[in-house]
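The values are calculated or read from the model by the stated rules, or taken from the named source; none is laboratory data. The model shown is predicted, which means the values in this text are computed figures rather than measured ones. Cβ sites come from the backbone with ideal geometry, for glycine too, and all protein chains shown count toward neighbours.
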Amino acid sequence: MPTEQTLEERLRQQGISRRGFLKFCTAMASLMALPPGMAGAIADALGKAKRPSVIWLSFQECTGCTESLTRSHSPTVENLIFDAISLDYHHTLQAAAGTAAEAARERAMHDNFGKYLLIVDGSIPTKDNGVYSTIAGVTNLQMLEEVAKGAAAIVAVGTCAAFGGIPHANPNPTGAVAVTDIIKDKPIINVSGCPPIPVVITGVLAHYLTFGTLPDLDQYHRPLAFYGDSIHDRCYRRPFYDQGKFAKTFDDEGARNGWCLYELGCKGPTTHNACATTKWNHGVSFPIQSGHPCLGCSEPDFWDAGSFYQALSAPTANVRTMAEVAIVAGAAAGIGFGLYDHHKRSKAKQEHEKLTIKDLGD
């Protein structure tokens, strides 16, 4: 399909109505934390956008990120966006192989220099000049530096590309690093997670196509719309944490009643991602809802952060059961009332003594 086609033309060919397109744009506005009124502006911008050329480089990885992004149910926002881009190189998904595949990448780079989007998944080995991972005889390090030169922006998909991931874990025998450790002169957005949530990369691409810029990012170059809050803050089990109700084992009464998994090692309080709200498998569930603690996979060095099944620390001192809170509150109220009553009685006594003295003087 020619790249010159606009997105609206492409969708119309697929039988997607204007109404369906507007519903998609409304969903995108919500996902990007924009006001509902922005749906029309998104529709206008996306409708006129040409299908951007995308070059996807897979390096030191397990293909889990690709598997995650391709698991969508039609028609979804994932389908709409990925059918609307021109995915010109992806050595897992493309039909071409060998010399023909590399020729497609070079042609896309030449024809769209300065305009194509570069998506990277997997870490980049740097030890011994990067010989531990090569494609067509070219090291990942060389290929990344070459392709990045003509990219308009780079999206690092998955924790391996964003932070080095599991290959970067101690003792890191290949010298694996993240994209941001190598490329310093291009706008880069990290979509971390092992693997990442499909709708997050969709939202990033929609934002880029609409506004021509990357969305607001946090200190780790992640989109704030998805990584701005911790999983703990969005988790439906949070009230149990506040009440001091924790599962002690995976099959005790607390676990069966859906109590907080903090004491079983849940890393939700220190992990920023949209798992608790966006969820997985078309919104069906996420690990904590399925009964397993969060591993913290969207954070840097999560693999070396300690046992997955050991609590981060003791619950904070202000976490009490509701009964304890009531007792403390009641005691505080009682003390306050007692002090107030004592103050009233002391003042009354003083006034009485003043009157008595005055009477005696008269």
Criterion (surrounded by fewer than 17 Cβ atoms within 10 Å (Cβ to Cβ), of a type in the set (A, V, I, L, M) and either assigned by TED's automatic domain parsing to the domain that holds residue 70 or over 21 Å from residue 196 (Cα atoms) (or both)) met by exactly one of 156, 176, 100, 151
100
Would you be able to say whether some residue in the stretch 131-139 is part of a loop (DSSP other than H, G, I, E, B), surrounded by fewer than 17 Cβ atoms within 10 Å (Cβ to Cβ) and at pLDDT below 95?
yes
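For every residue, the table says whether it meets (1) touching a residue at least 24 places away in the same chain (Cβ under 8 Å); (2) outside any helix (DSSP H, G or I).
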| residue | (1), (2) |
| --- | --- |
| 255 | yes, no |
| 263 | yes, no |
| 266 | yes, yes |
| 277 | yes, no |
| 287 | no, yes |
| 290 | no, yes |
| 293 | yes, yes |
| 297 | yes, yes |
| 300 | yes, yes |
Go through the residues of the stretch 65-77 one by one and say whether even a single one is of a type in the set (Val, Ile, Thr), modelled with pLDDT under 80 and over 25 Å from residue 151 (Cβ atoms).
yes
Taking the stretch 253-283 and the residues there that are within 17 Å of the chain's Cα centre (by Cα) and farther than 21 Å from residue 220 by Cβ, the one that is modelled with the highest pLDDT would be 279
Could you tell me whether any residue of the stretch 113-127 is crowded, with 20+ Cβ neighbours inside 10 Å, among the hydroxyl-bearing types (Ser, Thr, Tyr), in contact with a strand residue (DSSP E or B) (Cβ under 7 Å, 6 or more places away or on another chain) and in the same structural domain as residue 221 (by TED's automatic domain parsing)?
yes
Selection within the stretch 229-263 - surrounded by 17 or more Cβ atoms within 10 Å (Cβ to Cβ) and under 30 Å from residue 186 (Cβ atoms)
230, 231
Please list, ordered by first then second residue, the pairs with beta carbon atoms under 8 Å, 6 or more apart or interchain, first in the stretch 201-215 and without any contact (Cβ under 8 Å) to a residue 60 or more places away in the chain, second assigned to a helix (DSSP H, G or I) and not aliphatic (A, V, I, L, M).
213/207
Top-ranked residue in the stretch 18-64 [being within 30 Å of residue 142 (Cα to Cα) and not in a strand (DSSP E or B); ranked as modelled with the highest pLDDT]
59
How many residues, within the stretch 102-130, are over 24 Å from residue 51 (Cβ atoms) and either of a type outside the set (Lys, Arg) or part of a loop (DSSP other than H, G, I, E, B) (or both)?
8
How many of the residues making up the stretch 103-145 are under 19 Å from residue 61 (Cβ atoms), out of contact with any Cys (no Cβ under 6 Å at 6 or more places or on another chain) and among the charged types (D, E, K, R)?
3
Per the list (1) part of a helix (DSSP H, G or I); (2) within 25 Å of residue 109 (Cβ to Cβ); (3) in contact with a strand residue (DSSP E or B) (Cβ under 9 Å, 6 or more places away or on another chain), residue check on residue 153 breaks on (1)
Per the list (1) in contact (Cβ under 8 Å) with a residue 24 or more places away in the chain; (2) more than 13 Å from the chain's Cα centre (by Cα); (3) surrounded by fewer than 18 Cβ atoms within 10 Å (Cβ to Cβ), residue check on residue 220 breaks on (2)
Just give me the residues in the stretch 212-252 being modelled with pLDDT of 95 or more, in a strand (DSSP E or B) and more than 11 Å from residue 274 (Cβ to Cβ), in sequence order.
246
